[in-house]
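Colleague: Mind looking over this structure? Questions follow.
Values in this text are rule-based calculations from the coordinates and carry no lab data. Only a predicted model underlies this, so the values are computations on that prediction, with no experimental measurement involved. Cβ sites come from the backbone with ideal geometry, for glycine too, and all protein chains shown count toward neighbours.
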Amino acid sequence: MLAGLGGLAAGALVAWTLARGIGNPWRRAMLAMMGVMGAALVGAITMPAHAALGVKGLAGLFCVCLAAIALTWRLLLSRPES
């Protein structure tokens with residue numbers, strides 16, 4: 001349970017950090033909540049990915065997560081705030 005809560009907190013922290021270029025604190029908070037939900041989703045599909053594909057499934061899930069973080073970083077830091 002502690003690991004699950006830590007994962008959710010990490011998702012919020014990563015989303016909040018990636019959104020540091022957004023000046024509006026409400027939008028940053030919204031993105032942090034989306035990070036928590038994304039972390040919950042990844043946590044929920046970790047077990048089936050490992051059961052179906054083993055270590056390769058976890059490695060693929062890891063790559064998808066890194067790609068999502070990189071894409072979010074690129075989209076949030078490349079656009080001017082509106």
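Colleague: Look through Gly11, Gly35, Gly4 and report the one residue that is in contact (Cβ under 8 Å) with a residue 24 or more places away in the chain and surrounded by fewer than 14 Cβ atoms within 10 Å (Cβ to Cβ).
Modeller: After applying the criteria, what remains is Gly4.
Colleague: Applying the selection to the range 17-30, what residues are buried (at least 17 other Cβ atoms within 10 Å of the Cβ) and part of a helix (DSSP H, G or I)?
Modeller: Residues satisfying the conditions are Leu18, Ala19, Arg28.
Colleague: So, in the range 52-80, how many residues would count as being small (Gly, Ala, Ser), out of contact with any helix residue (DSSP H, G or I) (no Cβ under 8 Å at 6 or more places or on another chain) and part of a helix (DSSP H, G or I)?
Modeller: Final tally of qualifying residues: 5.
Colleague: Right, next: Of the residues Ala40, Ala19, Ala12, Ala32, only one is closer than 22 Å to Arg74 by Cβ and touching a Leu at 6+ places or on another chain (Cβ under 7 Å); which?
Modeller: Of Ala40, Ala19, Ala12, Ala32, the one residue that is closer than 22 Å to Arg74 by Cβ and touching a Leu at 6+ places or on another chain (Cβ under 7 Å) is Ala19.
Colleague: Give the range 27-60 a look and list any residue that's closer than 17 Å to Val14 by Cα and either over 12 Å from the mean Cα position of the chain (by Cα) or acidic (Asp, Glu) (or both), or say none.
Modeller: Arg27, Arg28, Ala29, Met30
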